[in-house]
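Working notes, beginning with the structure itself.
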Amino acid sequence: EAGVTQFPSHSVIEKGQTVTLRCDPISGHDNLYWYRRVMGKEIKFLLHFVKESKQDESGMPNNRFLAERTGGTYSTLKVQPAELEDSGVYFCASSQDLSNTEAFFGQGTRLTVV
Amino acid sequence: AQSVSQHNHHVILSEAASLELGCNYSYGGTVNLFWYVQYPGQHLQLLLKYFSGDPLVKGIKGFEAEFIKSKVSFNLRKPPVQWSDTAEYFCAVRSGNTGKLIFGQGTTLQVKP
């Protein structure tokens with residue numbers, strides 16, 4: 001069974017540009033999460049999809065970040081325009097249920113804004 | 001607000017030493033508790049989890065953790081450590097009725113051969 005897959009693994013962009021990160025969850029997992037780790041800090045929750053609906057987007061930093069999950073399958077996280085402070089590692093995770101199950105993580109996308 | 005505190009940010013041990021990484025959390029309701037590990041160049045993977053029942057849980061690779069409700073702690077242990085345990089370790093809490101995880105700052109473990 002394929003795990004959670006994220007594309008790209010690394011991205012270097014200039015300030016002001018747009019970047020789109022993609023996450024393919026484990027097949028059949030309705031719950032999809034985005035997290036971010038800024039260097040030296042803890043991994044922080046960004047948002048949670050249940051199928052195609054945003055269940056909780058309380059962690060999204062600002063309106064430069066847009067997440068979508070069309071059709072309830074893969075998800076994209078777009079940053080437009082990117083700022084220097086957006087640099088970090090973006091993790092995606094998926095789980096089958098909300099409680100009493102674990103979340104499986106992708107390898108992360110390392111975003112560097114220069 | 002929920003929070004997770006890992007007391008050790010960087011730990012260096014020699015092989016065969018005993019490991020204990022501290023984790024305390026702040027949340028008043030029912031919680032699920034996790035330890036995740038990230039080996040160099042790899043993705044985050046689950047070491048062990050506590051949902052209910054026996055507070056002493058065993059995970060992969062000889063790791064175990066004990067949930068002590070009175071101390072709001074979930075410390076990770078492994079006796080003895082191996083060089084291959086060199087990695088970053090994350091304690092995380094999930095409240096019972098949501099899916100999101102709250103992570104601690106992470107502890108980098110370096111095991112010297």
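The values are calculated or read from the model by the stated rules, or taken from the named source; none is laboratory data. Everything numeric in this text was worked out from a predicted model, so none of it was measured. Virtual Cβ from ideal backbone geometry, glycine too; neighbours counted across all protein chains shown. We work out accessible area using only protein heavy atoms, side chains counted, and drop any ligands, DNA or RNA first. Shrake-Rupley method; radii C 1.70, N 1.55, O 1.52, S 1.80 Å.
Consider residue B:8 against the criteria (1) at pLDDT 95 or above; (2) closer than 30 Å to residue A:6 by Cβ: it satisfies all of them except one. Which criterion is unmet?
(1)
Tell me, please, whether a residue that is within 15 Å of the chain's Cα centre (by Cα), more than 13 Å from every other protein chain (Cβ to nearest Cβ) and either in contact (Cβ under 8 Å) with a residue 60 or more places away in the chain or open to solvent by 60 Å² or more (accessible area, probe 1.4 Å) (or both) can be found in region A:41-52.
Scanning region A:41-52 turns up at least one residue that is within 15 Å of the chain's Cα centre (by Cα), more than 13 Å from every other protein chain (Cβ to nearest Cβ) and either in contact (Cβ under 8 Å) with a residue 60 or more places away in the chain or open to solvent by 60 Å² or more (accessible area, probe 1.4 Å) (or both).
On the basis of being hydroxyl-bearing (Ser, Thr, Tyr), facing chain A (nearest Cβ under 9 Å) and either open to solvent by less than 50 Å² (accessible area, probe 1.4 Å) or within 24 Å of residue A:36 (Cβ to Cβ) (or both), does residue B:98 make the cut? Steps first, please.
Numbers: hydroxyl-bearing (Ser, Thr, Tyr): yes; facing chain A (nearest Cβ under 9 Å): yes; either open to solvent by less than 50 Å² (accessible area, probe 1.4 Å) or within 24 Å of residue A:36 (Cβ to Cβ) (or both): yes.
The answer is yes for residue B:98.
Which is out of contact with any Cys (no Cβ under 8 Å at 6 or more places or on another chain), open to solvent by 40 Å² or more (accessible area, probe 1.4 Å), within 25 Å of residue A:89 (Cα to Cα) and of a type outside the set (Phe, Trp, Tyr), of B:92, B:1? Full working, then the answer.
Details: B:92 fails: open to solvent by 40 Å² or more (accessible area, probe 1.4 Å).
Being out of contact with any Cys (no Cβ under 8 Å at 6 or more places or on another chain), open to solvent by 40 Å² or more (accessible area, probe 1.4 Å), within 25 Å of residue A:89 (Cα to Cα) and of a type outside the set (Phe, Trp, Tyr) holds for just one of B:92, B:1, which is B:1.
Need a quick list: strands (runs of 3 or more DSSP E) entirely within region B:7-65 having at least 1 residues that are over 17 Å from residue B:111 (Cα atoms) and touching a residue at least 24 places away in the same chain (Cβ under 8 Å).
Values: elements: B:10-14, B:19-21, B:23-26, B:31-38, B:45-50, B:56-58.
It comes to B:23-26, B:31-38, B:45-50.
Mind listing whichever residues of region B:104-113 are open to solvent by 10 Å² or more (accessible area, probe 1.4 Å) and either β-branched (Val, Ile, Thr) or in a strand (DSSP E or B) (or both)? Explain how you work it out, then say what you get.
Keep residues of region B:104-113 that are open to solvent by 10 Å² or more (accessible area, probe 1.4 Å), which gives B:105, B:108, B:110, B:112-113.
Of everything in region B:104-113, those that are open to solvent by 10 Å² or more (accessible area, probe 1.4 Å) and either β-branched (Val, Ile, Thr) or in a strand (DSSP E or B) (or both) turn out to be B:108, B:110, B:112.
Residues of region A:9-23 being surrounded by 13 or more Cβ atoms within 10 Å (Cβ to Cβ), under 15 Å from the mean Cα position of the chain (by Cα) and touching a residue at least 60 places away in the same chain (Cβ under 8 Å), which ones?
Correct list: A:11, A:19, A:21, A:23.
Of the residues B:50, B:25, B:39, which is within 21 Å of residue B:113 (Cα to Cα) and of a type in the set (Ser, Thr, Tyr)? Steps first, please.
Numbers: B:50 fails: within 21 Å of residue B:113 (Cα to Cα); B:25 fails: within 21 Å of residue B:113 (Cα to Cα).
When all the criteria are applied, what remains is B:39.
Restricting the search to region A:83-114, which residues are more than 10 Å from every other protein chain (Cβ to nearest Cβ), of a type in the set (A, V, I, L, M, F, W, C) and part of a loop (DSSP other than H, G, I, E, B)?
Hit for region A:83-114 is A:114, nothing else.
Please verify whether residue A:76 is away from every other protein chain (no Cβ under 14 Å), within 11 Å of the chain's Cα centre (by Cα), open to solvent by less than 80 Å² (accessible area, probe 1.4 Å) and not aliphatic (A, V, I, L, M), treating the condition exactly as stated. Explain how you work it out, then say what you get.
Numbers: away from every other protein chain (no Cβ under 14 Å): yes; within 11 Å of the chain's Cα centre (by Cα): yes; open to solvent by less than 80 Å² (accessible area, probe 1.4 Å): yes; not aliphatic (A, V, I, L, M): yes.
When the stated conditions are applied, residue A:76 passes them.
What number of residues within region A:30-40 satisfy the criterion of being in contact (Cβ under 8 Å) with a residue 24 or more places away in the chain and open to solvent by 20 Å² or more (accessible area, probe 1.4 Å)? Working first, answer last.
Start the filter on region A:30-40 by keeping residues that are in contact (Cβ under 8 Å) with a residue 24 or more places away in the chain, which leaves A:30-39.
Narrowing further to those that are open to solvent by 20 Å² or more (accessible area, probe 1.4 Å): A:30, A:36-39.
So the count comes out to 5.
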